[in-house]
Amino acid sequence: MELARRRDAVIVQASTSEVYGDPLVSPQREDYFGNVSTIGPRACYDEGKRCAETQFFDYHRLYGLKIKVAWIFNTYGPRMRPDDGRVISNFIVQALRNEPITIYGSGLQTRSFCYVDDLIGGFMKFLHTSPDVTGPINLGNPTELTVIDLAERIIRLTNSKSPIVHLLPAVDDPQQRRPDISRAAAQLGWRPHVDIEDGLLSAITYFDLALQHAAVSN
Ligand code: UDP
């Protein structure tokens, strides 16, 4: 009985576009094996996720375990932590405080940002697919921006006086990242809808209130 119940369970891995490392092809499709350092500062995260995936797929092959593996690209929206160090939270907080916007390196590296509601919508559709739909499947928004473009948009949308400063590049920072979402479109009937500036405005409103609240409680 216990075993039967376990066999019916579906286990989901919230994996990551980091499995592509610093990709040499763009956009990234699920059949691309990636370009990942095994020893750099990001390796623990990237290789950890990849190692977990090997176990998911081995258990699926060996024991018929029902698995679903999603490769989640950069996601943002309200309720991020202001100090999580990621680019959108950093830039919005810096812009709202009129502090320098810190770009690591040239700012010509790219990312593709997915609004959280879109991402969750894709995730829910994935969860409700038949057991043969195991993934991996890219979940993300294919609209690609340079980091400098992102900084300029956030400065404009917040009416900020922040200057842009360039700091040292992050080690092993992926230079381009953009999902090919044709598998998600075909298997889930999903694609994201929220425009980057609409999503940024909603995140900005959230951070503005969060910072005011933090200032009042201090
Ligand atoms: N980044 C930046 N300034 C910051 C934070 C991040 O220029 O204050 C850059 C970072 O070097 C990377 C991109 O923004 O190229 C996305 O960084 P994040 O940590 O948000 O996501 P990830 O690199 O994991 O995709």
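A short reminder: the numbers here are calculations on the coordinates, not readings from a lab. This structure is a prediction, so every number in the text was calculated from the model and none was measured. All Cβ positions, glycine included, derive from the backbone under ideal geometry; neighbour counts span all protein chains shown.
Mean-square fluctuation check for the chain, GNM, Cα pairs under 10 Å: which of Phe33, Phe73, Phe91 is largest? Looking only at Phe33, Phe73, Phe91, the biggest GNM fluctuation is shown by Phe33. Placing one equal scatterer on every Cα of the chain and applying the Debye formula, the log10 ratio I(q)/I(0) at q = 0.09, 0.10 Å⁻¹ is -0.41, -0.50.
Just how large is the dipole of the chain about the Cα centre, in debye to the nearest 20, putting +1 at every Lys and Arg Cβ and -1 at every Asp and Glu Cβ?
400 debye
With the convex hull of the Cα atoms taken as the outline of region 49-168, the averaged projected area works out to 8.9 nm².
With runs of 4+ DSSP H residues as the only contributors, calculate the mean residue ellipticity of the chain at 222 nm using -39,500 (n - 2.57) per run, divided by the residue total and rounded to the nearest 500. Don't skip to the answer; put the middle values down first.
Numbers: 7 runs with 91 residues, N = 218.
Dividing the helical sum by the residues of the chain leaves -13000 deg cm²/dmol.
What order do you get for Val10, Val147 when you list them from fewest to most C-beta neighbours inside 10 Å? Mind dumping the intermediate values first?
On the way: Val10 13, Val147 20.
The most exposed by this proxy come first: Val10, Val147.
Averaging 1/r across all pairs of distinct Cα atoms in region 81-148 and inverting the result yields a Kirkwood radius of 14.4 Å. Straight-line reach from Lys66: which lysines fall under 21 Å, measuring Cα to Cα and dropping same-chain residues less than 8 apart? Here the lysines satisfying the reach criterion relative to Lys66 are Lys49, Lys125. Computed over region 105-218, the quotient of the alpha carbon radius of gyration and 2.2 N^0.38 Å is 1.30. Between Arg79 and Phe33, what FRET efficiency comes out of the Förster formula 1/(1 + (r/R0)^6) with R0 = 30 Å and r the beta carbon distance, rounded to 0.05? After rounding, the FRET efficiency stands at 0.35.
Longest segment of the chain with no trypsin sites (Lys or Arg not before Pro) in a DSSP loop having at most 15 other Cβ atoms within 10 Å? If you can, show how the numbers build up before the last one.
Values: sites that count: Arg29, Arg79, Arg86, Arg97, Lys161.
In short, 98-160.
Between amide H atoms placed 1.01 Å from N, distances below 5 Å from Gly21 occur with Asn35, all of them 5 or more places distant or on a separate chain. Using only the alpha-carbon atoms, how far is helix 116-127 inclined from the longest principal axis of the chain? Give it as 0 to 90 degrees, nearest 10. That helix lies at roughly 0 degrees to the long axis. Rg of the Cα atoms in region 23-105, relative to 2.2 N^0.38 Å, amounts to 1.48.
Hey, what's the per residue convex hull volume over the C-alpha atoms of region 162-218, in cubic angstrom? Walk me through the numbers before you get to the answer.
On the way: hull volume 10.9 nm³, N = 57.
Residue-normalised Cα hull volume stands at 192 Å³.
Here's how it looks for Thr110: its modeled amide H is under 5 Å from those of Gln176, Arg177, which are all 5 or more places away or on a different chain.
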